Amino acid sequence: MSWWHPAHVGHAVRGKLADVGHGTRLFVQLLRLLGTALRRPQLMGDQIHFLGNYSLSIIAVSGLFVGFVLGLQGYYTLQRYGSSEALGLLVALSLVRELGPVVTALLFAGRAGTSLTAEIGLMKAGEQLSAMEMMAVDPVSRILAPRFWAGVIVMPLLAAVFSAVGVIGGWIVGVLMIGVDGGAFWGQMQSGVDVWQDLGNGVLKSFVFGLTVTFVALLQGYAAKPTPEGVSRATTRTVVMASLAVLGLDFVLTALMFSI
Amino acid sequence: MQHSKNDVWVGLFVMIGAAALVFLALQSANLLNISFQSGYRVTALFDNIGGLKPKAAVRSAGVVVGRVESIAFDDTTYQAQVTLSLQDGYKFPRDSSLKILTSGLLGDQYIGIDPGADEKNLANGDKVTSTQSAVVLENLIGQFLYGKAEEGGSAPGNSNKK
């Protein structure tokens, strides 16, 4: 039978539909387990520590360098039009609206998402999840839900750190090194950045990305084949799918939020 | 609830994140200044406001003294009705005139106030009558081309006669 045979196509479509169904069920289950996760703050605290604190250094350093580069590139372009004072506005808007949430989500997928997938995949391969089920402990509410909600809480905070450090990086390059007027740098930024329209939407974006990346990582780990090869594939798929989902969602969210 | 050794670090992490948000809100979005924007309102009619937008600056001698609050179209006079919100601390004579200016060649448009000499000051709800419209680049170019065409049209005509 070749690939275009109706039986093949039907089988493939049915398999994909079943995957989508499993994914959606898990997602709804995780959303409904918010209360359970909050009732055991110790579990969630440990996960916030694992996902957040250990990601903080890479996020802060990346933010600093992205801010540096924005300061340099922005200055060279703006200076041609004699409006280098708008550098602060350019740096702050690009960080708060786009780069903060998106780059943080991509780094978060690489730094924390992979470790989540590998951890859950190995738990599954070692039959720890089955053992929990045997003891009448639901692995979704004991293992997955605290990780999910910890990831959702951590993402906006990390994105805020990224943007703030990036703004400071832009200030270091623009004001301290190149010599743009400091008052104009902050003044233009303050008159151009709106708290709800720009900052609020940026935080909302990073919240959505947190949901996406953490869910993709958990789903890949939970659905991984319980073999070493299956776990390694699931980890790779986490990075690929989470990154694509973040970039695609970013376009949709930007179109919804910032189109006038 | 028992304490764990991670509590300190989790707390620190959440506090750093919150501090970053507060920093962004205060330093880059200027949350505090938005809330105490009290002032008195003055309206003015312009023939053409060009690219003026709400929230544009109102400046006098280059200093920001207020903001454009709203822009509407007045269909009895077919003019643009601009409402300005001027800060309470600054007083201007009633016969001050408003101009729409542009900062730099491609910069944003703002309203400049030229103070007059009246003894009474502008108060809430007053209407400024002396206004000067924005310079619309297309009109300028049109006038320039028209002038050039006239020059160019007359010069060869003169040479033909000779």
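Enclosing the Cα atoms of segment A:53-208 in their convex hull gives a volume equal to 99 cubic angstrom per residue. Taking amide H as placed 1.01 Å from N in the peptide plane, the amide H of B:Asp126 sits under 5 Å from that of B:Thr43, each at least 5 places away or on another chain.
Cβ under 15 Å from A:Leu204's Cβ, A:Leu204 left aside: what net charge do those residues give with Lys, Arg +1 and Asp, Glu -1? Walk me through the intermediate numbers first.
Details: positive: A:Arg97, A:Lys205; negative: A:Glu98, A:Asp194, A:Asp198, A:Asp250.
Net charge around A:Leu204: -2.
Considering only DSSP beta bridges where both residues belong to the protein assembly as shown, give the percentage that are antiparallel (nearest 5).
Working: 27 of 34 bridges.
Given both bridge residues lie in the protein assembly as shown, the antiparallel proportion sits at roughly 80 percent.
Computed from point charges on the beta carbon alone (+1 for Lys and Arg, -1 for Asp and Glu), the dipole magnitude for the protein assembly as shown about its Cα centre is near 1020 Debye.
Once you wrap a convex hull around the alpha carbon atoms of segment A:92-179, what is its projected area averaged over all directions, in nm²? Spell out each step's value before the answer.
On the way: hull surface 26.6 nm².
Quarter of the Cα hull surface area: 6.6 nm².
Tell me the net charge near B:Gln143. Cut-off is 15 Å between Cβ atoms, B:Gln143 excluded, with +1 for each Lys or Arg and -1 for each Asp or Glu.
Local net charge: -2.
Of all segments of chain A bounded by chymotrypsin sites (Phe, Trp or Tyr not before Pro) found in a DSSP loop with no more than 16 other C-beta atoms within 10 Å, the longest spans A:82-260.
Once you sort the root eigenvalues of the Cα gyration tensor of segment A:1-140 as a ≥ b ≥ c, which label holds: rounded (a/c under 1.5), prolate (a/b larger than b/c) or oblate (the other case)?
On the way: a/c = 3.06, a/b = 1.63, b/c = 1.87.
Since a/c reaches 1.5 but b/c is at least a/b, the shape of segment A:1-140 is classed as oblate.
Value of Rg to Rh for chain A, rounded to two decimals, is 1.08; Kirkwood radius and Rg both from alpha-carbon coordinates. For the segment B:4-16, counting C-beta atoms of other chains within 10 Å of every residue's C-beta and taking the mean gives 6. Listing A:Ser130, B:Ser133, A:Ser2 from fewest to most neighbouring C-beta atoms within 10 Å gives A:Ser2, A:Ser130, B:Ser133.
Residues whose amide H lies under 5 Å from that of B:Ser96, counting only those 5 or more places away or on a different chain, are B:Gly116; hydrogens are built 1.01 Å from N in the peptide plane. Among A:Ile153, A:Ile178, A:Ile59, the order by Cβ neighbours within 10 angstrom, fewest to most, reads A:Ile178, A:Ile153, A:Ile59. Residue order for B:Glu138, A:Glu119, fewest other beta carbons within 10 angstrom first, comes to B:Glu138, A:Glu119.
Applied to segment A:202-214, the Karplus parametrisation 6.51 cos²θ - 1.76 cosθ + 1.60 on θ = phi - 60° returns per-residue 3J(HN,Hα) values of x, 5, 4, 4, 5, 5, 4, 5, x, 4, 5, 5, 5 Hz, with x for Gly and Pro.
Pairs from the list B:Lys53/B:Lys120; B:Lys55/B:Lys91; B:Lys53/B:Lys91 with a Cα-Cα gap above 27 Å: B:Lys53/B:Lys120. Backbone amide hydrogens, once placed in the peptide plane, bring B:Val65 within less than 5 Å of B:Val58, B:Arg59, B:Ser60, excluding anything fewer than 5 places away on its chain.
Can you give the charge dipole size of segment A:89-224 about its Cα centre, rounded to the nearest 20 debye, using +1 on the beta carbon of Lys and Arg and -1 on the beta carbon of Asp and Glu? Here segment A:89-224 has a charge dipole of around 120 debye.
Count Lys and Arg as plus one, Asp and Glu as minus one, and take only other residues whose Cβ is under 12 Å from that of B:Asp118; the net charge is then 0. Rounded to two decimals, the Cα radius of gyration of segment A:150-245 over 2.2 N^0.38 Å is 1.53. Working note: Karplus 6.51/-1.76/1.60 with θ = phi - 60° gives segment A:36-50 the couplings 4, 5, 6, 6, 10, x, 4, 4, 5, x, 4, 5, 4, 4, 5 Hz, where Gly and Pro are set to x.
Here, each number is a calculation from the coordinates, and none is a lab measurement. On a predicted model such as this, the values are computed, not experimentally measured, just so you know. Ideal geometry is used to build each Cβ from the backbone, glycine not excepted, and the neighbour counts take in all protein chains shown.
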